[in-house]
């Protein structure tokens, strides 16, 4: 009986989809405004695959149009929600090139950072409790840089508080990763590599628990190499921090991303955008040419 009901629901869904699509013009025939509006409607309904299809057509068929900026913003949202992360980063990079003075650069940075965080994450590791510190960290480093750029350039952005929390978590994870590598080298008596990793931690992650835990290993490394003066300095650090504990940041929860009111409907000059703008109209801000969100293009 349950199977029959499920099949009935599927059949009804197909009929609904067919009736909706029959009232729409094909992507190849729709006007710029029709493409944008249809994509926005699908976005509101949570049909991110179809939203992406129509929004991509806005830029491909009408490049540089009055809808391009907002279509790209919508596309960043739809591809992130559908977990098409490579396309999210590609779109974010393209947006940076096309609209370097946009009022919504903080949003683009935030979404790119979340995307890189998601790429650095792994559902399998979540489920089985595997420590991410032993895994490759390129995406997490890129995410940290994205969040840092957001915080530095848009301190009053509504996305900045969450960005700061995520930076703290990522920093702890990266420090743990470095500690695991240092331990790996130490087990193989590669003391130069061990000490180099830990001194790097002292420079990059001085205020993390992992760095505190690495100090005795640094002392041991210098002792094994016969570097008595450096070993003595490391011993002083170990003693000075004895009993000290730095609380590690908890992993932030997945953000609740509702579609911003300025993102879904209206022309590219919608006044609602002012609600999230963080730069005044007379401030000139240009991105460095090397800034990238880590897309593979």
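Listing for the model above:
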| quantity | calculated |
| --- | --- |
| Considering residues of the range 79-90 that are in contact (Cβ under 8 Å) with a residue 60 or more places away in the chain and touching a helix residue (DSSP H, G or I) at 6+ places or on another chain (Cβ under 8 Å) only, the residue farthest from residue 149 (Cα to Cα) | 81 |
| Residues of the range 38-64 classified as surrounded by fewer than 17 Cβ atoms within 10 Å (Cβ to Cβ) and either in contact with a strand residue (DSSP E or B) (Cβ under 8 Å, 6 or more places away or on another chain) or closer than 11 Å to residue 74 by Cα (or both), total | 1 |
| Only one of 155, 161 that is modelled with pLDDT of 85 or more, assigned to a helix (DSSP H, G or I) and surrounded by fewer than 16 Cβ atoms within 10 Å (Cβ to Cβ) | 161 |
| Flag if residue 205 is modelled with pLDDT of 95 or more, surrounded by 15 or more Cβ atoms within 10 Å (Cβ to Cβ) and either closer than 18 Å to residue 249 by Cα or touching a strand residue (DSSP E or B) at 6+ places or on another chain (Cβ under 8 Å) (or both) | yes |
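Quick grid of which residues meet (1) in contact (Cβ under 8 Å) with a residue 60 or more places away in the chain; (2) assigned to a helix (DSSP H, G or I):
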residue	(1), (2)
49	no, yes
52	no, yes
77	yes, yes
92	yes, yes
101	yes, no
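The rows are residues; the columns are (1) over 28 Å from the mean Cα position of the chain (by Cα); (2) at pLDDT 95 or above; (3) outside any loop (DSSP other than H, G, I, E, B); (4) buried (at least 20 other Cβ atoms within 10 Å of the Cβ).
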site: 184; (1), (2), (3), (4): yes, yes, yes, no
site: 189; (1), (2), (3), (4): yes, yes, no, no
site: 196; (1), (2), (3), (4): yes, yes, yes, no
site: 200; (1), (2), (3), (4): no, yes, yes, no
site: 215; (1), (2), (3), (4): yes, yes, yes, yes
site: 218; (1), (2), (3), (4): yes, yes, yes, yes
site: 221; (1), (2), (3), (4): yes, yes, yes, yes
site: 234; (1), (2), (3), (4): yes, yes, yes, yes
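Conditions tested, residue by residue: (1) buried (at least 20 other Cβ atoms within 10 Å of the Cβ); (2) within 18 Å of residue 255 (Cα to Cα); (3) modelled with pLDDT of 95 or more.
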site: 90; (1), (2), (3): no, no, yes
site: 97; (1), (2), (3): no, no, no
site: 113; (1), (2), (3): yes, yes, yes
site: 125; (1), (2), (3): no, no, no
site: 132; (1), (2), (3): no, no, no
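The values are calculated or read from the model by the stated rules, or taken from the named source; none is laboratory data. Model, not experiment: these values are computed from the prediction. Glycine also receives a Cβ, built like all others from the backbone with ideal geometry; neighbour counts cover every protein chain displayed.
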